[in-house]
Amino acid sequence: MPVIYIDVPWLLQRHEEVLPKQPTVSDFSALVAAVARHRVDPPRLGTNSDAAWRAAALLHTLALLKPLPASNIRFACSMAVAYMHISGEGIDPPYGALVDLARDILENRADIFDAADRIRSWRI
């Protein structure tokens, strides 16, 4: 399957679907950063940028940059799942594991490469 690149309108559409009653985006630059980051190839020497890495880039960037006034973890996790879905790769993380990953990112216990590895391990 070819690489799927998302854009800011895609993130805004997912925001409306996932958080329809939540406040609007308060920092559009965070969305632009997430879009730019998921397009990097390769992310570092010797590492390929697969769908899991791109989903991790969205999760990591959105969790850390907090584009919304609230519910940023939920938004970041939802975007990672949605990206894997449009890439043709479903994931089935154990209950709470995706939120735990986002918290690990926020507390500097996981970086983007750790996040990609976890997402890969949840592929179905």
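Which one, 20, 59, 32, projects farthest toward the positive side of the charge dipole computed for region 1-79 from Cβ point charges (K/R +1, D/E -1)?
Result: 59, furthest along the dipole toward the positive end.
Quick one: Cα convex hull volume of the chain, Å³ per residue? The partial results should precede the final answer.
Working: hull volume 12.6 nm³, N = 124.
It is 101 Å³ per residue.
Considering the Cα positions of region 77-124, please state its Rg to one decimal place and its Dmax as a whole number of Å.
Looking at region 77-124, its Cα Rg and Dmax stand at 10.3, 30 Å.
Please compute the net charge surrounding residue 81, taking Lys and Arg as +1 and Asp and Glu as -1 over other residues with Cβ under 15 Å from its Cβ. Could the numbers behind the result be given before it?
Values: positive: 14, 54, 74, 118, 120, 123; negative: 17, 89, 92, 100.
For residues surrounding residue 81, the net value is +2.
Would you kindly derive the ³J(HN,Hα) couplings of region 51-63 from the backbone phi angles with the Karplus curve 6.51 cos²θ - 1.76 cosθ + 1.60 (θ = phi - 60°), listing them in order in whole Hz, with x for Gly and Pro?
Karplus values, whole Hz, x for Gly and Pro: 4, 5, 5, 5, 5, 5, 4, 5, 4, 4, 5, 5, 5.
Rounded, prolate or oblate, given the Cα gyration tensor of region 44-99, with a/c below 1.5 counting as rounded? Display every interim value, and only then the final one.
Working: a/c = 1.99, a/b = 1.30, b/c = 1.53.
Oblate, since a/c reaches 1.5 and b/c is not below a/b.
Label-point separation (nm) for residue 71 and residue 1, each offset 7 Å from Cα along Cα-to-Cβ?
In this crude spin-label approximation the distance works out to 2.6 nm.
What net charge do the residues around residue 117 carry, taking every other residue with its C-beta under 13 Å from that of residue 117, with Lys and Arg at +1 and Asp and Glu at -1? Don't jump to the answer; show the numbers that get you there.
Values: positive: 118, 120, 123; negative: 50, 104, 111, 114.
Charge balance near residue 117 sits at -1.
Ordering 47, 61, 24 by how much accessible area each has at a 1.4 Å probe, largest first, what is the list? Each step should come with its number before you reach the end.
Values: 47 30, 61 10, 24 105 Å².
Largest accessible area first, the list is 24, 47, 61.
Might you tell me the accessible area per residue for the chain, computed with a 1.4 Å probe and given in Å²?
In whole numbers, the chain has 52 Å² accessible per residue.
Roughly how many Å² of residue 29 are accessible to a 1.4 Å probe, to the nearest 10?
Counting only protein heavy atoms, residue 29 exposes about 70 Å² to solvent.
In debye to the nearest 20, how big a dipole does the chain give about its Cα centre with +1 on each Lys and Arg Cβ and -1 on each Asp and Glu Cβ?
Values: 13 positive and 14 negative charges, 19 e Å.
The calculation lands at about 100 debye.
Over the chain, with every protein chain in place, what whole percent of the accessible area is carbon and sulfur at 1.4 Å, could you tell me?
Working: 3490 of 6500 Å².
After summing per-atom areas, the C and S share lands at 54 percent.
Considering amide H positions built from the backbone, and no H for Pro or chain starts, which residues 5 or more places from residue 91, or on another chain, come under 5 Å of its amide H?
124
Can you compute the helix-only [θ] at 222 nm over the chain? Use -39500 (n - 2.57) per DSSP H run of at least 4 residues, normalise by all residues, nearest 500 deg cm²/dmol.
Working: 6 runs with 72 residues, N = 124.
Taking each H run of at least 4 residues, the total per residue is -18000 deg cm²/dmol.
The values are calculated or read from the model by the stated rules, or taken from the named source; none is laboratory data. Quick caveat, the model's predicted, so the values are computed rather than measured. Cβ atoms come from the backbone with ideal geometry, glycine included; neighbour counts cover every protein chain shown. Side chains are part of the model used for accessible areas, which takes the heavy atoms of the whole protein and leaves out ligands, DNA and RNA. Shrake-Rupley method; radii C 1.70, N 1.55, O 1.52, S 1.80 Å.
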